[in-house]
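Only one structure is covered here, and it is reproduced in the block below.
The values are calculated or read from the model by the stated rules, or taken from the named source; none is laboratory data. If you're wondering where the values come from, they're calculated on a predicted model, not measured in any experiment. Heads up: the accessible areas ignore ligands, DNA and RNA and are worked out on the full protein's heavy atoms, side chains in. Shrake-Rupley method; radii C 1.70, N 1.55, O 1.52, S 1.80 Å.
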Amino acid sequence: PTNVQDLMRKTLYTMADSTSIQETAKIMRDKKVSSLLILDSYDKPAGLVPNVTWPEKYVLGSATNQVTNKEVMSSPLVTIDSKSSPSAAIDLMLRSSVRHLLVIDRESRDELRPIGIITPLDFLRYGEYKRDEKNVDILEMILEYYI
């Protein structure tokens, strides 16, 4: 059976919480990703910076080199275990009103070992999770929210 680990994006890019959103935006553009994992001063996961959550006042009304990731990141982190089902991921996204889930490996000794990120579009990239009668309502709901 398909699980979140099969669908997630396995490359996880990180930035410090003290980095400016100007630098973060450049990295996201260059790497062609829609979110970055933000690490605190101890290199522990602290939040996510999805590009769609930046308030206009930060992007338009401030010098973006003075606004840090810590000010705009989504926190606390909404995580899902890598062995969870795609349906559980969709449900968690809807209940938490988020578009990006940090995928973690709970089998490791470190309880919060991030291994990837999953977004609504990841569900449609794989043939194992098709838009059939069983899944059509869930997928339409999540895509409507995403777009």
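Structural remarks
- Residue-normalised accessible area of region 1-51, expressed per residue, 1.4 Å probe, Å²: 53
- Our estimate of slack between residue 11 and residue 83, defined as 0.36 nm per intervening residue step minus the Cα-Cα distance, is 24.2 nm.
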